[in-house]
Amino acid sequence: MPVPAIAFAAVRVGAASAIAWKGLSEMSQLSEKASSYLERHNTGLKTGEGHNDVGDAFRHAFASAKTSLQYGETTASVLGSLHEYHGNFKSQPEKECGMDMWNNKVGREIARGLPAGASDEQVGKAVVEAIKRGDLITSIDDPRTAKGLKELLSMDDLASKASTFLKESKTMLADITPGVIKEALASKDLSGPVMAGLAKGFSEMEKSFSPDFMKAMSRAEPDRVAAR
């Protein structure tokens, strides 16, 4: 393959990885907002310490619902799976992954019933109601974790959803520069296998983004990406 083609392919993966990295960072911030909501409201829930419990379930559903409302269900689904892949690469128990994926799914379903631009208060209230109805998994001993595992997107699934993910997540691009790409790829938040899975579906990237954006991406140094 000619060097320019290799460089462009590397930049393509880098740009997509930077978007995913930024999205995961935003989801982390939403988890903090979820924790803040629980601290500020007397929900009547015994939230626990925040790991594999009610508080954990609330954070996942809240972040998934907010991401779905802001960017779309595909983006929320992709980012939710990417987040869990990183946990799996660190030997996360299957039941824990299943619990999180189930609660992410419920979060996306909650978003469908809310108005566009729903506030944190509206989302938080809807998630609390879902917990009280028993819609969310609040313990890894819940048998529904097996169904939750089926929500984890495979690498092929990620690739097939890549074009939609890129189109939905365009609004994340405002502050993505070649420097941000390098920062993302140097971080521990995007593993090689996940990058490879996403890269499979990016053949439509040139059509999805403006020429100005692609021109900016082409100025990024691809050495780090090519070495992955």
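The values are calculated or read from the model by the stated rules, or taken from the named source; none is laboratory data. Everything numeric here is computed off the predicted structure, so don't read it as measured data. Areas reflect the complete protein model, heavy atoms only, side chains present, ligands, DNA and RNA absent. Shrake-Rupley method; radii C 1.70, N 1.55, O 1.52, S 1.80 Å.
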How would Thr171, Thr47, Thr145 rank on accessible area, largest to smallest, probe 1.4 Å? Thr171, Thr47, Thr145
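Excluding ligands, DNA and RNA, what is the solvent-accessible area per residue of the stretch 34-192 at a probe of 1.4 Å, expressed in Å²? All intermediate terms of the calculation are to be shown ahead of the outcome.
Values: 7390 Å² over 159 residues.
The answer is 47 Å² per residue.
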Cα atoms only, the stretch 29-172: Rg and Dmax in Å? 14.4, 43
Give the lysines whose C-alpha is closer than 19 Å to that of Lys147, dropping any in the same chain fewer than 8 places away, or say none. Lys95, Lys105
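Using a 1.4 Å probe on the protein heavy atoms, what percent of the accessible area of the stretch 84-178 belongs to carbon and sulfur? Please report the intermediate quantities before stating the final value.
Details: 2400 of 4710 Å².
The computed percentage sits at 51.
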Return the sequence-ordered ³J(HN,Hα) values of the stretch 107-116 in whole Hz as given by the Karplus equation 6.51 cos²θ - 1.76 cosθ + 1.60 applied to θ = phi - 60°, using x for Gly and Pro. x, 5, 5, 4, 4, 4, x, 10, x, 4
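Scaled to the compact-protein estimate 2.2 N^0.38 Å, what is the alpha-carbon radius of gyration of the stretch 51-128, rounded to two decimal places?
Numbers: Rg = 12.2 Å, N = 78, 2.2 N^0.38 = 11.5 Å.
The stretch 51-128 yields a ratio of 1.06.
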